[in-house]
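What follows is calculated from the coordinates using simple rules that are stated; it is not laboratory data. From a predicted model like this one, the values you see are computed outputs, not experimental measurements. Here the Cβ positions follow ideal geometry from the backbone for every residue, glycine too, while neighbour counts run over all protein chains shown.
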Amino acid sequence: MRDGFWKNLPINDWTNKEWEGLCDGCGKCCLIRLEDEDTGDIYNTDVHCKLLDGANCRCTNYENRRDYVEDCVQLTRENIYELSWLPKTCAYRLVAENKPLFDWHYLISGDKDTVHNANMSIAHMTTSEIHVKVRNLPRRIKIWPGEGD
Ligand code: SF4
Ligand code: SF4
């Protein structure tokens, strides 16, 4: 990946490796989200998608995930400007909003563990959706660090 690609180069000039490499590994986009039908507001829970490894925040079957999780959203160079539910700390959202990456992002710190050490990931703090009844999800709403107003 080229130095500072996310701030120095147009997004359409990034290689696929750079596009994928922008992810900070926080895992927050793999949380189960709830929508308030009246307001349209989206709330995160502390429950994660059945395919997520809750310890390292990685999808356990990324290549074939759509076979198991139909509504998994693929981030693209086009839709990151429209996905209002993306975490405020998400590197793709920050780029879409023309904001700098946080200093705990590994592209800044040089260490993929800093997202965890800074308490900005969901590692070891969630439960798989396979263990939680749908009716109990509202009780699992959680505002994660970095997501408050
Ligand atoms: S929320 Fe954004 S930065 Fe975090 S894991 Fe998902 S895509 Fe990567
Ligand atoms: S299928 Fe994989 S990438 Fe998609 S939400 Fe689930 S764990 Fe995340």
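Mean residue ellipticity at 222 nm from the helices of the chain, using -39,500 (n - 2.57) per DSSP H segment of n ≥ 4 over the full residue count, to the nearest 500 deg cm²/dmol? All intermediate terms of the calculation are to be shown ahead of the outcome.
On the way: 5 runs with 24 residues, N = 149.
Mean residue ellipticity, 222 nm, calculated: -3000 deg cm²/dmol.
Using the Karplus relation 6.51 cos²θ - 1.76 cosθ + 1.60 with θ = phi - 60°, the per-residue 3J(HN,Hα) values for region 47-56 come to 10, 10, 3, 4, 8, 7, 7, x, 8, 10 Hz, with x marking Gly and Pro. Computed from label points 7 Å out along Cα-Cβ, the spacing between Leu137 and Asn64 is 2.5 nm. Amide H to amide H, with H built 1.01 Å from N, Ser128 comes under 5 Å of His48, counting only residues 5 or more places away or on other chains. Restricting attention to region 5-140, lysine pairs at least eight places apart or on different chains and with alpha-carbon atoms under 17 angstrom apart total 8. Using the average count of surrounding beta-carbon atoms within 10 Å as a protection proxy, the listed peptides 66-75, 24-33, 46-55, 126-135 rank, highest first, as 24-33, 46-55, 126-135, 66-75. Here the relative contact order of the chain, from alpha carbon pairs under 8 Å that lie six or more residues apart, stands at 32 percent. Take every pair of alpha-carbon atoms less than 8 Å apart whose residues are at least six positions apart; their mean separation over the length of region 79-146 yields a relative contact order of 20 percent. The translational diffusion coefficient of region 5-140, from Stokes-Einstein at 10 °C and 1.306 mPa s with a Kirkwood hydrodynamic radius over alpha carbon pairs, comes to 100 µm²/s.
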